[in-house]
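To start, the structure under review is shown below, and the notes come after it.
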Amino acid sequence: MVFLEALMLIFSSVSVGYKQTHHFQCFTKSQITHCLFISLHHFQARQDAAVDVYERLPVPFGLVRFGVAPDHPEVKNVINTFTQTAQHERCSFHGNVNVGKDVTIDELRQAYHAVVLSYGAEGNRSMGISGEDLPGVFSAKDFVGWYNGLPSNKELRPDLSCETAVILGQGNVALDVARILLAPVEMLKETDITQNALEALAGSKVRRVLIVGRRGPLQIACTIKELREMVNLPNTRADMLPADFEGIAEALKDLPRPRKRLTELMMKAAKEGGDDKAEKCWGFRFFRSPVEVIAGADGKRATGIRLALNKLEGSGESARAEVTGQLEDVDCGLIISSIGYKSIPIDPAVPFDPRRAIVPNEMGRVQDTAGLYCSGWVKRGPTGVIATTMNDSFDTARVLIQDMEAGKLDLSVNKPGAQAITALLQTRGVRTVLFSHWEKINAEEEKRGKFLGKPREKLLDVDEMLKIAWS
Ligand code: NAP
C-alpha cells in the first residue's frame, strides 16, 4: 500500500542534529491518528523533539479503532505504524486524561514548547427537524460508535426489529452504516465488530435500507470503493428510482474521471438491480431533504420520515437543493442521521469558530495564540480519509518546525513536559495509562477475540480497561 510505504519511509529517515530536547505536546480526544502522524514528522525533522500524546480514553488509535468500519481491516493496518511511533523513545502516550477537564490548555502550554490540538470532531450535525430526538432515531456517529465499541455508545441498543431503515446523508459514513446493517453476519463475525452488535445484527429484521440525499446522483458524497461494496453485498440487490437518473447519462462525458466512474457504477446498479432472489435491498433516494420525523400513534417512537422533494439550482458539485413544496412520507422504524460530524470547543482558552465548528487557524497556527497549533478535522472541518488527515498532519508539523527554526517559539527555556503534567494530574486524582498499560488491554482484547474467532473483542467498559491496564 503506497500509504504505508510513505509512512515507513518517513519514519526510517530520521535526521540528526540538535542538542536540546524540546517538548511538544499533542492531545486528542479520540483522534490519536493525527498526533502520531505529527510525531512521525517531528522525529524525522528534529532529533531534539519529544512528543507526548494525551488521550481521553485509556486506549489509543481513536479514529482507526472507533471510526473505521470493522469489515475494512486493511485500513486498520496503519495501527502497526502507529504502534512503532508510539514506542519511539521520544514519544509517549498518556491515556485517561480528559484535556479541558483534568488539565487545561493553559497548563499544557506552560509545560510544553508547543501544543497541537488534534481532537477531531466528536459532535454531530443536527438535522434541526421535529422528532429527531425520538427513540428509533440515531446519529451515525453513535451508531458507528456502538458497533465499533466506543465506551460511551455501549448502551445504544438500537431496535432492529423493523423492516425498513432510512439513512439521511450519502457520504461514506452513510454507506458504512448501510453495509453493516445489510451484511451477512457470517461476513462480520470474523471482524473486530463488538459481540453485542453482532448479536443484535444477527437478530435484525432490517431488509431494506434507503440512503437519502438532498441533491442528485452527480453530487453524491460517497466514493466508488464504498459504492462497489454495496453493489457486491451478497443476498442484496439495488432498488433505485429511474426518475432520479433522468439526464444523468448525457452529463457523463463532462465529468472528471473519478466522478464519472462512480456515476457509471451507480447507473449500472440502478439499471440492473441485481439478484432478483435476494432477500434484502438498498437504494439511493435523491432530491429529498428530511423535514420531520413521524411519530407513531402513541407519540413515543419514530415510525417514518417526512421528506421534502427538491430540485437543483445550478449544476455540478456546487448545485444547491431547493424545495419544490412537495412532500413524501416513508415508513421506517430506524432512522440514522449521517449528515456529517462537528468539532466542539474543549477549553474556553482556545478560540473557536462556532459557525464553521473549527478552531480558527492559519495553516494550523491557532489564531492569536502563539505556540498552539491544530491539525485534522478540528483544523479544517470533518471531511477527508486517513490519507488526507496524514497529509494535513504533516503540514501542521512542517509549520511548527518552521516556527521553531524561525525563532517564533521560545526554546531558550527548558520545559518539563509530561513530568509536570503527570504530577499535576496526580494531585487531581487522575492516573494516566501509558502505552505499556495499553499493551495489557490489547493482549486481553486479543485473547477474548481468539476465543470468539475474531482478531479482538474490544473492551467496552472504561473501568474494566483501567483495571486491566494497571494490573
Ligand atoms: P460527508 O462525506 O461530508 O457526507 C455528508 C452527507 O450529508 C452528504 O451527502 C451531504 O449532502 C449530507 N448533508 C449534509 N448536511 C445535510 C443536511 N442539512 N440535510 C441533508 N443532508 C445533508 O460526511 P461523512 O459521510 O460523515 O464522512 C466524513 C468524511 O470521512 C468524508 O470525507 C468521508 O469520505 C470520510 N470517510 C471515509 C470512509 C472510507 O474511506 N471508507 C469511511 C467513512 C468516512 P450534500 O453533499 O448535499 O452536502
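See the values below:
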{"quantity": "Qualifying residue in the range 256-277 (condition: surrounded by 16 or more Cβ atoms within 10 Å (Cβ to Cβ), in a loop (DSSP other than H, G, I, E, B) and within 16 Å of the ligand (Cβ to nearest atom))", "calculated": "no"}
{"quantity": "For Thr389: the one exception among (1) surrounded by fewer than 19 Cβ atoms within 10 Å (Cβ to Cβ); (2) hydroxyl-bearing (Ser, Thr, Tyr); (3) within 30 Å of Ile339 (Cβ to Cβ)", "calculated": "(1)"}
{"quantity": "Pairs with Cβ under 8 Å, 6+ apart, first in the range 323-343 and under 14 Å from Gly136 (Cα atoms), second of a type in the set (Asp, Glu) and surrounded by fewer than 24 Cβ atoms within 10 Å (Cβ to Cβ)", "calculated": "Gly333/Asp159; Gly333/Glu163; Leu334/Asp159; Ser337/Glu132"}
{"quantity": "Qualifying residue in the range 82-96 (condition: under 30 Å from Ala200 (Cα atoms), at pLDDT 95 or above and surrounded by fewer than 17 Cβ atoms within 10 Å (Cβ to Cβ))", "calculated": "no"}
{"quantity": "Conditions (1) surrounded by 15 or more Cβ atoms within 10 Å (Cβ to Cβ); (2) assigned to a strand (DSSP E or B); (3) more than 10 Å from the ligand (Cβ to nearest atom); number of the one not met by Asp329", "calculated": "(1)"}
{"quantity": "Filtered residue count, the range 314-326, keeping only those that are within 11 Å of the ligand (Cβ to nearest atom) and either in a strand (DSSP E or B) or touching a Phe, Trp or Tyr at 6+ places or on another chain (Cβ under 9 Å) (or both)", "calculated": "2"}
{"quantity": "Residues satisfying the stated conditions in the range 380-398, i.e. assigned to a helix (DSSP H, G or I) and in contact (Cβ under 8 Å) with a residue 40 or more places away in the chain", "calculated": "Ile386, Ala387, Thr389, Met390, Asp392, Ser393, Phe394, Thr396, Ala397, Arg398"}
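Yes/no matrix, rows are residues, columns are (1) without any contact (Cβ under 8 Å) to a residue 24 or more places away in the chain; (2) not in a loop (DSSP other than H, G, I, E, B):
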position: Asp71; (1), (2): no, no
position: Val75; (1), (2): no, yes
position: Phe82; (1), (2): no, yes
position: Thr85; (1), (2): no, yes
position: His88; (1), (2): no, no
position: Lys101; (1), (2): yes, no
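The values are calculated or read from the model by the stated rules, or taken from the named source; none is laboratory data. No experiment lies behind these values; they were computed from the predicted model shown. Counting neighbours? That spans all protein chains shown, and the Cβs are built from the backbone with ideal geometry, glycine included.
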